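Each reported figure results from applying straightforward, stated rules to the coordinates on display, with no laboratory input. These numbers were taken from a predicted model, which means no experiment stands behind them. Note: ideal-geometry Cβ built from the backbone for every residue, glycine included; neighbour counts use all protein chains shown.
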Amino acid sequence: MNCELCESSGGTLVWNDATCRVVQVAEPGYPGFCRVILNHHAREMTDLPAAERQHVMNVVFAVESALRGLYRPEKINLASFGNMTPHVHWHVIPRWPDDRHFPQPVWGTAQRPGDAERPAVSAAQLRDAVAAALGSG
């Protein structure tokens with residue numbers, strides 16, 4: 001079986017532990033777009049033992065908190081689809097009313113150019129904020 005998230009990092013590594021990793025996704029117009037990816041292959045959250053499920057969600061919530069503090073978005077979208085890549089992973093996406101797709105999902109039809117300026121956040125700031133939110137920084 002070929003699995004993109006088993007074979008690659010899925011983005012630029014921000015944080016990781018034995019269970020999962022946080023990566024930043026290079027998505028134009030969506031700074032701070034992150035994924036929380038399980039480090040082993042499982043299709044669904046309910047395939048995981050309860051403690052592992054809880055740990056993954058704690059990481060998702062920590063990433064959300066870090067992104068809110070750094071980017072000050074209007075909203076954070078959390079999504080776990082896995083339709084194209086059936087490997088447990090969560091998208092954590094800062095959103096603004098003037099982004100390309102708002103109020104549609106980022107995978108929807110673009111509503112405008114979406115070239116508004118966003119806060120400049122370095123990779124180190126993102127790493128530090130996620131680590132701090134997880135109590136490991």
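Tabulated data
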| read-out | value |
| --- | --- |
| Dipole of the chain, positive end: most advanced residue of Gly10, Ser122, Pro49 [Cβ charges, Cα centre] | Ser122 |
| Most mobile of Met45, Met57, Met84 in a GNM of the chain (Cα contacts under 10 Å) | Met84 |
| Lys75 long-range amide H proximity, modeled H, under 5 Å | Arg95 |
| With Cα atoms, 0 to 90° folded angle of helix 123-133 axis to the chain main axis | 60 |
| Listed residue (Ile76, Met1, Val59) projecting farthest to the positive dipole end of segment 1-102, Cβ model | Ile76 |
| Neighbour net charge for Ala116 - beta-carbon separation under 10 angstrom, K R +1, D E -1 | -1 |
| Prolate/oblate/rounded call for segment 66-137, Cα gyration tensor, a/c under 1.5 rounded | oblate |
| Net charge dipole size for the chain [Lys, Arg +1 and Asp, Glu -1 on Cβ; Debye, nearest 20] | 220 |
| Between segment 104-132 and segment 6-47, the alpha-carbon center distance in angstrom | 16 |
| For Trp15, residues with placed amide H under 5 Å, excluding near neighbours | Val22 |
| Highest-first arrangement of 124-135, 92-103, where packing means the average Cβ count within 10 Å | 92-103, 124-135 |
| Rounded to whole Hz, the Karplus (6.51, -1.76, 1.60) HN-Hα couplings of segment 82-94, x for glycine and proline | x, 5, 8, 10, x, 9, 3, 7, 10, 8, 10, 10, x |
| Expected 222 nm ellipticity per residue - DSSP helices of 4 or more, -39500 (n - 2.57), all of the chain, to 500 | -8500 deg cm²/dmol |
| Cysteines, the chain, no other Cys beta-carbon under 4.7 Å | Cys20, Cys34 |
| Per-residue HN-Hα couplings for segment 60-73 [Karplus 6.51, -1.76, 1.60; θ = phi - 60°; Hz; x = Gly/Pro] | 4, 5, 5, 5, 4, 4, 4, 5, 4, x, 7, 9, 6, x |
| Per-residue ³J(HN,Hα) for segment 95-110, Karplus 6.51 cos²θ - 1.76 cosθ + 1.60, θ = phi - 60°, Hz, x for Gly and Pro | 10, 9, x, 9, 6, 3, 10, 3, x, 6, x, 4, 8, x, 7, 4 |
